[in-house]
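The values are calculated or read from the model by the stated rules, or taken from the named source; none is laboratory data. Predicted, not measured: the structure shown is a model, and the values here were computed from it. When we count neighbours, we look across all protein chains shown, and the Cβ atoms used for this are built from the backbone with ideal geometry, even at glycine.
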Amino acid sequence: MDNSHANITLDSLVEGRVWGACYDLIARIEPTSYDALIHNLSNERLLRKQHEIFDIFNRCKGDWEETLHVVLFRFLGGSHNRAAMERLAGIVSSRVIMRENSSRQNLEALLLGAAGLLDIYNDDDYVGRLKQEFDHMAAKHNLMPMSYDQWQFSGMYHNNHPTLRIAQIAACLHENRISMASITSCSTRRDIHNLFASSASSYWIEQVLTVDDANSVSPRIGQFKSDILGINLVVPIILAYSNYTESKELMQRAQTLLRSIPAEDNRYTRCWQGKLAPFKSAVESQAFIQLSTVYCQTHRCGECPLAKILTTPL
């Protein structure tokens, strides 16, 4: 990189008279300015995620385990079922999960029943047992289940099917893999993958999710999804908790973790990646997602840190 970028003005960027200039000129920014840009943008994004976590923390009345519970369900819902998953987490609290954690079948009955999803499957012996068990737990914990029509099933990959995701959560929670203790002790990418390594019951793969390409459906949360959860759940939770406890060690651990996760490849990063060397880690991809979604999409050129670098006279 060098700093021989064209002498353009902020007005010309804002007015769109040099559309695409940012994409074309970013590779010419000198290295120290580029590194500072990445650092500031990635920190902006992490700070926003921490604010969202603290909002949930306050709604959960200062309970970190419940906060983690809500954030976990929220991000496993993906773009299609995020709101529905968060509603489910509100119906079935982390405390109820801990009380009914004696078997994976118990948690499947609890979570799929509360989600209203048992109603869409035929009453064979297994589903019948789950429904009976859920009726017992619903009365015991005063649970009001959701309706199945609150979930979306079309337009998504089979691995994101809500029934499968909930069965995977049940498996992980039954094995006590996911807790504040396990989250904050993560120090490597492998640690993150191990959090989500439990397999859903084969019933949901072999019977419920029977599709032409059933072999592509994984009983486990895959490495790609685990990396996304690392970026959006594990790292932000550790950072938020490090600020809450004033732990510099946890803060450093979170930053190291983010550097260990590969960069994301999506529509926000590709337009920049074509002009630059391959991103080293999720730190860079998160920076460019922040740039694209917060500044470019909303035409906030006047506040954009990249625009300021590009329009600074040499």
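Would region 167-178 turn up any residue that is farther than 21 Å from residue 87 by Cβ, at pLDDT 95 or above, of a type outside the set (Ser, Thr, Tyr) and in the same structural domain as residue 97 (by TED's automatic domain parsing)? No, every residue in region 167-178 fails to be farther than 21 Å from residue 87 by Cβ, at pLDDT 95 or above, of a type outside the set (Ser, Thr, Tyr) and in the same structural domain as residue 97 (by TED's automatic domain parsing). If you go through region 118-131 one residue at a time, do you hit one that is under 23 Å from residue 64 (Cα atoms) and part of a loop (DSSP other than H, G, I, E, B)? No: region 118-131 contains no residue that is under 23 Å from residue 64 (Cα atoms) and part of a loop (DSSP other than H, G, I, E, B). Selection of region 44-62 for residues being surrounded by fewer than 16 Cβ atoms within 10 Å (Cβ to Cβ), of a type outside the set (A, V, I, L, M) and within 21 Å of the chain's Cα centre (by Cα) yields 48, 51, 52, 54, 55, 58, 59.
If you go through region 88-116 and keep only what is outside any helix (DSSP H, G or I) and in contact with a Pro (Cβ under 8 Å, 6 or more places away or on another chain), you end up with 115, 116.
Tell me which residues, restricted to region 167-197, are hydrophobic (A, V, I, L, M, F, W, C) and closer than 13 Å to residue 219 by Cβ. Correct list: 167, 169, 170, 171, 172, 196, 197. With respect to residue 122, is the statement that it is in the same structural domain as residue 203 (by TED's automatic domain parsing) and touching a residue at least 24 places away in the same chain (Cβ under 8 Å) true? Judged against the criteria, residue 122 is not a match. One residue stands out among those in region 134-175 that are of a type in the set (Phe, Trp, Tyr) and farther than 13 Å from residue 110 by Cβ: the one that is surrounded by the most Cβ atoms within 10 Å (Cβ to Cβ), which is 151. A search for C-beta distances below 9 Å between a residue of region 233-246 that is surrounded by 20 or more Cβ atoms within 10 Å (Cβ to Cβ) and any residue that is outside any helix (DSSP H, G or I), counting only pairs 6+ apart in sequence or on different chains, returns 234/186; 235/186; 235/261; 238/186; 241/247.
Is it the case that residue 85 is under 21 Å from the mean Cα position of the chain (by Cα), modelled with pLDDT of 90 or more and part of a helix (DSSP H, G or I)? Yes: the conditions hold for residue 85.
Among the criteria (1) surrounded by fewer than 16 Cβ atoms within 10 Å (Cβ to Cβ); (2) at pLDDT 90 or above, the one residue 192 does not fulfil is (1). If the condition is being in contact (Cβ under 8 Å) with a residue 24 or more places away in the chain and among the hydrophobic types (A, V, I, L, M, F, W, C), then region 58-85 contributes 64, 68, 71, 72, 73, 75, 76, 84, 85.
Counting only helices (runs of 4 or more DSSP H) that fall entirely inside region 215-314 and contain at least 3 residues that are within 30 Å of residue 21 (Cβ to Cβ), the qualifying elements are 267-273, 282-290, 305-310.
Can you say whether residue 178 is β-branched (Val, Ile, Thr), part of a loop (DSSP other than H, G, I, E, B) and either over 16 Å from the mean Cα position of the chain (by Cα) or crowded, with 19+ Cβ neighbours inside 10 Å (or both), as far as the supplied structure shows? Yes; evaluated as a whole, the condition is true for this residue. When restricted to residues that are under 18 Å from residue 91 (Cβ atoms) and touching a residue at least 60 places away in the same chain (Cβ under 8 Å), region 42-57 contains 0. Is it the case, given these coordinates, that residue 65 is touching a Gly at 6+ places or on another chain (Cβ under 8 Å) and either part of a helix (DSSP H, G or I) or more than 21 Å from residue 229 (Cα to Cα) (or both)? Judged against the criteria, residue 65 is not a match.
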